Each structure stands twice: as structure tokens, then as C-alpha cells.
Amino acid sequence: MTAMGEGQHMTEVAAEQSGQSDPPEHSEHAHSDISGGWLRAAVFGAMDGLVSNISLIAGVGGGGVAPKLILLTGGAGLVAGAISMGIGEYTSVQTSNEQVGAEVEKERIELERNPKGEQRELAGMLREQGLSEELAERVAQEVSKDPELALRIHAEQELGIVVDELPKPWTAAISSFVCFSIGAFVPLLPYLFGSVYLWLSLLFGGVGLFTAGALVSRFTVRSWWSGGLRQLVLGALAAGATYLVGRLIGVTVG
């Protein structure tokens, strides 16, 4: 049962216990993915790919190396970064899910050992959310009749997780790998078409940063231009720092 299904079940239980025959009607609406699955990994991957490779290219370009070496460096950064992001994302999500599983198992054992105590605990949480004492007791009693439902409700209320909607490690890993690769590829485009100008690569990267920030803003309340400008400024600061470092090292070595 999903979080929406559990919420609806508890609403129906509360309605029945309070004497209402039908739950209040509500309009259907959709939400964006906020569970930490593909969207978070995609955004992080794309932004990291853009910023890291723009900064890498700015650094080696500032050092005065030849365009072919810049292309080689940027290509290596793309491959290494994409693999690293994919592995890191998989490990991070898998570890997080395993930790959640361990906590849920603790809750399952506690429900088996002390069902009455857990029922009282659930009733207390429902009272804190605004239900009357009598209604909270009845809802907690009804929920506790189904061990699996009780486990999901306790996990959501106590741990803040929905056990049926955990992010998938492979989904996050692939999303991060692909989006990092796309982001890191953008500043390399001018060099792939024969350009020898660093500023053109940085311009492509800047357009990519603004576009990515504007697209991400669609999932938030931030305006598209504000999201794009924020990402552009942050990326420019990173690229500026590495460019200065490259210039200093290039002058020293030269």
C-alpha cells in the first residue's frame, strides 16, 4: 500500500469511527517525485557534470595548454566523473535503503513484542496531530489489527519514511551517470567541432548551466530565470577560481 493509500485508509477509519459514512471528497492532483530517486540524482548529476568539466576546462585552458590537450582532459573528466557519480549514487542509495530496512525491522520486532504499547504510542501520535483522545484510540486500535499496515504507519510516523516508496539504487545510479555525462559533454562541444577558443567553450557551458537551472526550477516555486541565474553564477565562480589557478600555475611553470 502506498503512502496515499495508507493516508486514505486512515482517513476512512477515522471517518467511520467518528460516525461519518463517507470520507470527504477531494480533487485528484499529482505531485513531483520528492522521494530522492531519479530526480535528485539527475539534477545532481547534470549540475556536477556541467560545473566540474567547465571548471576543469577553464583550469587547464587558463594554464595555456593546447586545445587537443583540453579536449583530452575534458573527455577524461567526463568518463571518470560519470563512472564515479554512478557508483557513488548506487552505493549511497543502497546504503540508505539498508539502514531504513534495519530500522523498520526494529519496529517490526517491537510491534511483535509489545503490540499494546505500540498501539498506545500510535494513539499518542494521532492525538498530537489533532484527533480527539477517543477517536485516536479507536483509529490506533483499528490500524493495529493489520500487522503490515501497523508497521507501515509506525515507520511513516516515527521514522518519516514510506517503506513501499524507497528510491531504487540502479535507477539513481543510471540517472546520475547519464545526466553527468550530458552535462560534462556540453563545454566540450566547441572543441569537438574544431574550435580553439576557450571562451567559446565557457560560453557553451554557461548556456548549459542557465538552461539546467531554469529546467530544474519547474519542480520548485522558483522562477525559471532566477533558477537559471543562480546556477550560472555558482558555475561562473567555480570556473573563475580554477581559471585563476591555471593561470598562476601556467605562468610559474612557463
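The values are calculated or read from the model by the stated rules, or taken from the named source; none is laboratory data. Note that the structure is predicted; figures quoted are calculated from it, not measured. Glycine also receives a Cβ, built like all others from the backbone with ideal geometry; neighbour counts cover every protein chain displayed.
If only residues of the stretch 67-111 that are within 14 Å of Ala155 (Cα to Cα) and among the basic types (Lys, Arg) are counted, the one that is surrounded by the most Cβ atoms within 10 Å (Cβ to Cβ) is Arg108.
For the stretch 171-205, taking the residues that are without any contact (Cβ under 8 Å) to a residue 40 or more places away in the chain and surrounded by 15 or more Cβ atoms within 10 Å (Cβ to Cβ), the one that is nearest to Gly62 (Cα to Cα) is identified as Leu200.
Scan the stretch 208-218 and tell me whether some residue there is surrounded by fewer than 22 Cβ atoms within 10 Å (Cβ to Cβ), free of Cβ contacts under 8 Å to residues at least 60 places away in the same chain, under 27 Å from Glu89 (Cβ atoms) and basic (Lys, Arg). Quick ask: steps written out before the conclusion?
Taking the stretch 208-218 as the starting set, the residues that turn out to be surrounded by fewer than 22 Cβ atoms within 10 Å (Cβ to Cβ) are 210-211, 214-218.
Now drop any that are not free of Cβ contacts under 8 Å to residues at least 60 places away in the same chain, which leaves 210-211, 214-215, 217-218.
Those left that are additionally under 27 Å from Glu89 (Cβ atoms): 210-211, 214-215, 217-218.
Narrowing further to those that are basic (Lys, Arg): 218.
The answer is yes; a qualifying residue exists.
Is there a residue being part of a helix (DSSP H, G or I), of a type outside the set (A, V, I, L, M, F, W, C), under 28 Å from Gly64 (Cβ atoms) and at pLDDT 95 or above anywhere in the stretch 190-200? Among the residues of the stretch 190-200, at least one is part of a helix (DSSP H, G or I), of a type outside the set (A, V, I, L, M, F, W, C), under 28 Å from Gly64 (Cβ atoms) and at pLDDT 95 or above, which makes the answer yes.
Are any residues in the stretch 219-240 in a helix (DSSP H, G or I) and surrounded by fewer than 20 Cβ atoms within 10 Å (Cβ to Cβ), and if so, which ones?
Restricting attention to the stretch 219-240, the residues satisfying the condition of being in a helix (DSSP H, G or I) are 219, 224-240.
Answer for the stretch 219-240, where residues must be in a helix (DSSP H, G or I) and surrounded by fewer than 20 Cβ atoms within 10 Å (Cβ to Cβ): Phe219, Trp224, Trp225, Ser226, Leu229, Arg230, Val233, Leu234, Ala236, Leu237, Ala238, Gly240.
Of the residues that make up the stretch 94-115, is at least one among the polar types (S, T, N, Q) and over 31 Å from the mean Cα position of the chain (by Cα)? Talk me through it step by step, then tell me what you get.
Of the residues in the stretch 94-115, the ones among the polar types (S, T, N, Q) are 94-97, 99, 114.
Okay, now just the ones that are also over 31 Å from the mean Cα position of the chain (by Cα), so 114.
Yes - at least one qualifying residue is present in the stretch 94-115.
For the stretch 112-131, name all the residues that are free of Cβ contacts under 8 Å to residues at least 40 places away in the same chain, surrounded by 10 or more Cβ atoms within 10 Å (Cβ to Cβ) and under 15 Å from Glu142 (Cβ atoms). Pro115, Glu118, Gln119, Arg120, Leu122, Ala123, Met125, Leu126 - these are the residues of the stretch 112-131 that are free of Cβ contacts under 8 Å to residues at least 40 places away in the same chain, surrounded by 10 or more Cβ atoms within 10 Å (Cβ to Cβ) and under 15 Å from Glu142 (Cβ atoms).
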